[in-house]
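A quick write-up on the structure given underneath.
The values are calculated or read from the model by the stated rules, or taken from the named source; none is laboratory data. All figures in this text were calculated on a predicted structure; none of them were measured in a lab. Backbone-built Cβ (ideal geometry, glycine too); neighbour counts: all protein chains shown. Remember, those area values only see protein heavy atoms, side chains included, never the ligands or the DNA or RNA. Shrake-Rupley method; radii C 1.70, N 1.55, O 1.52, S 1.80 Å.
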Amino acid sequence: MQNKFNKITWAVAIAAAAFASQANAGGYQINEQSVSGQGYGHAGRSSNVNDATIVFGNPAGMSFLDRAQLTAGGTYLNVNSEISNAEATRSSVLTGGVGVPVSGTTDGDMVPGTLIPFAFYSHPVNERLAFGFGVYAPFGSKTDYEDGFLGRNLGNYTELKVMSAQPTVSYRFNDQWSVGAGITYNRVEGELHRQVPVLVGGAPGAPVYTEADSRVEGDDDGWGYNLGVIFQPVPETTLGLTYRSKVDYTLTGDFRAVAQDVGVEVTDDASLDLTTPETVNFSVTQQMTDRLKLMLGASWTRWSRFEQILIEGESIPEITREVQNYSNAWAYGVGGEYQLNPQLALRAGVTLDFTPTSDQYRSVRIPSDDRRIFSIGAGWTPTENLTLDFAYSYLTERGTQVEQERTDSFSGTPAVTSTYVSDYKNEAHGFGAQLTYRF
């Protein structure tokens, strides 16, 4: 029993962060694998072949590139969050089950500024066959609340990082059809902190609490694959379809929780099986004139896989089973690119990004909802071999509410129930830059 709270904290939060990161096509899935694509809101992710970032967008597109090229860059994300109408309580046997208000702060802006890098290389062997390689971050999230955060008993620090390496091959059958496939090696690391409430004394109506600092981390790796096809019925119209497989992980990690006021330290390990779901992206690129092309895209994520969190320990076969009931999520984008002159291309796009989470299960660690993203960008080609791309995106999220409750019993002490309710309003700015060099 004394380690149960720690295992639950780690497993639930790591799972939530991992799945929420994928939900940035409705939560925290990372879309920043191309700055040229960012400029038009990634609307043509599977069909618009600009540079080597197509290794991620649609591996079939590599065979449409006529020269070897290297594309590298990154996007800096600056997230702003406002927290309002926040309330937190604790209840125990000494309060007769009645929640007593907890003191704390709600500064917001708990997501640090983050640079998301990527690099891709594409090499045509002949006019039909091409090989490529990419390194990028498909998922990732981080929330770092202040030390005195009002909801610290539910969670005050969460970090998830996934890096992927993808060797890729593409083959073009004729002027109309091309296919591609890539294998992905994925490395995941997660870390989280939480202040666990501990009842240490007092009298009826006047409980005395302290807090145990719980810090946990885990990691694993897994394999997946990407498949893509491009169909070009006429030279002006390109249709692309990309499938990204699920990836299975078993996170294992170390646990440590210290309640200094009572001199108790708890350590243990546990494991959690989780699966990031498969995604499908479809897009159309239409060349309207010699200078203007328009793009339309849709992405689907099979979030219905995530029905529950099952944590297994060494001594307790089933520590907890928590219902999540995620829904399949969609994202839609429309964008365009205008070739102002041979050196300069201008881009713009709009994306609607829907969340798979529900009001009932939304977490303090992942307080997100549906999103709208507005993007602009430009590509400058000063020489035939070099292109510099820049983009800016503004993300605004629908205001949402977090309402959580959790009961803890630390090292045999009486149970304490914590609640946290608050309103969140999030927005983000993305600044991207990339370089493409053609050999």
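Structural remarks
- Which labelled figure in (1) 59; (2) 20; (3) 26 is percent of Cα pairs over 39 Å apart, once derived from the coordinates: (3)
- Taking amide H as placed 1.01 Å from N in the peptide plane, residue 270 has its amide H under 5 Å from the amide H of 253, each at least 5 places away in sequence or on another chain.
- Solvent-accessible surface (1.4 angstrom probe) belonging to residue 279, in square angstrom, nearest 10: 10
- Filtered GluC sites (Glu not before Pro), the stretch 341-439: DSSP coil and at most 13 other beta carbons within 10 Å: 384
- Carbon + sulfur, % of accessible area of the chain - ligands and nucleic acids excluded, 1.4 Å: 55
- Candidates 395, 94, 160, ranked by Gaussian network fluctuation over the chain, Cα under 10 Å, top entry: 94
- Added length on full extension, which subtracts the Cα-Cα distance from 0.36 nm per residue, residue 409 to residue 267: 49.6 nm
- Length gained on full extension, residue 280 to residue 396: 39.4 nm, using 0.36 nm per residue less the C-alpha separation.
- The angle between the Cα long axis of helix 4-22 and the longest principal axis of the Cα atoms of the chain comes to about 20 degrees, rounded to the nearest 10.
- The simple spin-label model puts a point 7 Å past each Cα toward its Cβ; for residue 374 and residue 234 those points are separated by 3.4 nm.
- In order along the stretch 337-342, phi translates into HN-Hα couplings of 9, 10, 7, 5, 7, x Hz, rounded to whole numbers, per the Karplus curve 6.51 cos²θ - 1.76 cosθ + 1.60 with θ = phi - 60° and x for Gly and Pro.
- For the stretch 204-276, chymotrypsin sites (Phe, Trp or Tyr not before Pro) are listed when DSSP marks them as loop and at most 15 other Cβ atoms sit within 10 Å of their Cβ; the list is empty.
- Separation of the residue 225 and residue 206 label points, Cα + 7 Å toward Cβ, nm: 6.9
- Solvent-accessible area per residue in the chain equals 41 Å², computed with a 1.4 angstrom probe and all protein chains kept.
- From helices alone, the chain scores -2000 deg cm²/dmol at 222 nm; the rule is -39500 (n - 2.57) for each run of n ≥ 4 DSSP H residues, then divide by the residue total.
- Summary of packing: across the peptides 416-426, 37-47, the per-residue average of other C-beta atoms within 10 Å ranks them, highest first, as 37-47, 416-426.
- In the stretch 276-306, the chymotrypsin sites (Phe, Trp or Tyr not before Pro) that fall in loop regions by DSSP, at most 10 other Cβ within 10 Å: none
- Based on the Kirkwood approach, the hydrodynamic radius assigned to the stretch 317-432 is 18.1 Å, with every pair of different Cα atoms included.
- Only Cα pairs under 8 Å and 6+ residues apart enter the sum, and on that basis the relative contact order of the chain stands at 22 percent.
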